[in-house]
Each structure stands twice: as C-alpha cells, then as structure tokens.
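Quick notes on the structure that follows.
The values are calculated or read from the model by the stated rules, or taken from the named source; none is laboratory data. This one's a predicted model, so the numbers in the text were calculated from it and none came from an experiment. Backbone-built Cβ (ideal geometry, glycine too); neighbour counts: all protein chains shown. Accessible surface areas use protein heavy atoms only, side chains included; no ligands, DNA or RNA. Shrake-Rupley method; radii C 1.70, N 1.55, O 1.52, S 1.80 Å.
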Amino acid sequence: MIDLHCHILPGIDDGAENIKESIHMAKVAADDGISHIVATPHVRDTLHPPDLLKKHVTKLNEALQKDQVPVEILYGADVYAMLPPREVLGYAINNSQYILIEFPYTHIPANAADIIFNFKLQGLIPIITHPERNPSVIRDPEKLFSLLTGNVYAQVTADSLRGNFGMQIQECTFYLLKKRAVHFIASDAHSAIARGPVLSEAVKVAGKIIGKEQARMLVNDNPLAVISGKDIPLAPL
C-alpha cells in the first residue's frame with residue numbers, strides 16, 4: 001500500500017517531533033503493509049523551502065535504510081488551498097503534477113471552484129484532502145461533488161472510515177464512497193499511535209461499501225499513479 005498523506009518528517013510541523021518518532025511511524029506503517037509514504041508537512045503559515053524538505057526526506061530515508069525499515073519516503077506537502085498557486089508549485093508530490101490541497105477546517109469557501117481552477121492553470125492536479133471532515137461537506141456533500149470535475153480528486157482519512165472522528169464524519173465518508181467521490185484513502189498520520197500510519201483496517205471497511213477491488217485501488221493503484229505522474233485509474237464522478 002501507499003500512504004499519500006502523512007506528517008512523518010521530524011520537527012517540521014505538528015507531526016513527528018524527532019527522527020526517533022519518524023522511524024517508529026515508518027515501522028508501524030511497514031507492519032501494516034505500507035511500502036511507500038509521501039511525507040506531507042503542512043505548508044500553511046510557513047512556506048518551508050522545498051529544498052529543505054527534500055533534504056529531510058533524504059535523511060529520513062537514510063535512517064530507515066540504516067534501521068532496515070522497508071518503507072520508502074517520498075516528497076510532498078499538505079498545502080493550504082488559500083495560498084497563491086504560483087507560490088506552491090514546488091510542493092507537488094514526487095515531481096509529478098499532483099498536489100494535496102487543504103481547505104479551511106471550518107468551511108469550503110464560496111470561491112472554491114475558482115481556487116481549484118487557478119491551481120490547474122499552473123499545471124497542477126489538485127487532490128482535496130479530508131473533505132469528509134469539513135463541516136460544509138458534511139452538511140451538503142454537493143459542495144464537494146461540484147468540485148470533482150476535470151482532474152480534481154478527493155482523499156479521505158483512514159480514521160474517518162474507522163469512526164475515530166465520530167459517527168457524523170464516518171457517515172459522511174461512507175456516503176462519499178457510495179457516490180464514488182473518493183479516490184484515495186490516506187492516514188494523515190501525525191504520530192505512531194494517535195492517528196497512526198495505518199490503512200488496512202480502513203480498506204476493509206471501505207471494501208464492505210464499494211467492494212474489495214475498488215477499495216484496494218484507493219491505497220494501491222490510484223496513489224501509485226500519483227507518485228508515478230500517471231493518470232488515475234479510478235476516475236472522478
């Protein structure tokens with residue numbers, strides 16, 4: 001499996017505090033069957049230099065190889081959607097055109113379609129992170145559906161499927177799955193234990209809703225296409 005959204009880089013944001021915790025997270029992921037993790041620190045209040053983040057990715061990979069942890073860390077970021085698209089071109093996932101974008105926690109802005117259009121004008125392919133946890137989408141899923149057109153995708157959090165954010169968010173996630181508005185399941189892990197880098201249980205839950213094969217695509221085929229810079233096999237709505 002491939003975890004497309006994980007705050008595993010040490011000391012960058014509110015994720016892993018140090019290299020020891022990063023390694024612990026990678027070990028948890030490996031035990032769950034995850035082979036690749038895209039390191040996605042928050043790019044919101046601080047525009048971390050891409051070269052600095054890439055150095056952190058290299059150092060973490062070296063530490064994992066030394067400890068013989070069979071997980072490869074790839075470069076990416078969790079980018080605030082309200083930032084100017086030209087300022088975030090360097091945060092696309094693994095030198096592809098795909099980029100994770102995060103809307104405000106409180107709502108989907110009225111101009112969300114324009115925001116996404118501006119990202120696409122820069123040649124980027126937006127992946128909206130954890131929409132199922134956004135109050136606007138919970139109240140009216142159509143706010144998400146209307147955005148998923150022309151190479152725009154959605155990623156839900158594994159713990160949302162498992163009910164760890166509450167019943168309302170879980171039910172929203174189930175509904176998005178049924179409507180084929182989910183293209184990736186990722187951990188959005190911030191530590192090894194609380195919301196850890198684990199996907200397998202969420203895939204089992206998703207499998208009961210959309211079938212095992214399509215659930216598997218959300219953690220294998222689709223994220224593999226992203227990190228390879230190819231077209232997504234499971235298309236949007």
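Remarks
- Any hit, segment 187-196, residues being of a type in the set (Gly, Ala, Ser), within 22 Å of residue 142 (Cβ to Cβ) and at pLDDT 95 or above: no
- Close pairs (7 angstrom Cβ cut-off, 6 or more residues apart or separate chains): closer than 18 Å to residue 184 by Cβ in segment 113-131, modelled with pLDDT under 95 and surrounded by fewer than 24 Cβ atoms within 10 Å (Cβ to Cβ) anywhere: 125/151
- Within segment 140-208, helices (runs of 4 or more DSSP H) holding 3 or more residues that are surrounded by fewer than 22 Cβ atoms within 10 Å (Cβ to Cβ): 142-145, 167-178
- When segment 24-66 is filtered for residues that are of a type in the set (Ser, Thr, Tyr) and open to solvent by 30 Å² or more (accessible area, probe 1.4 Å), the ones remaining, listed by number, are 35, 46, 58.
- Residue match in segment 50-72 (condition: touching a helix residue (DSSP H, G or I) at 6+ places or on another chain (Cβ under 8 Å), touching a residue at least 24 places away in the same chain (Cβ under 8 Å) and closer than 21 Å to residue 137 by Cα): no
- Flag if residue 202 is in contact with a helix residue (DSSP H, G or I) (Cβ under 8 Å, 6 or more places away or on another chain) and either farther than 25 Å from residue 41 by Cβ or in contact (Cβ under 8 Å) with a residue 60 or more places away in the chain (or both): no
- Any hit, segment 184-191, residues being out of contact with any strand residue (DSSP E or B) (no Cβ under 8 Å at 6 or more places or on another chain) and without any contact (Cβ under 8 Å) to a residue 40 or more places away in the chain: no
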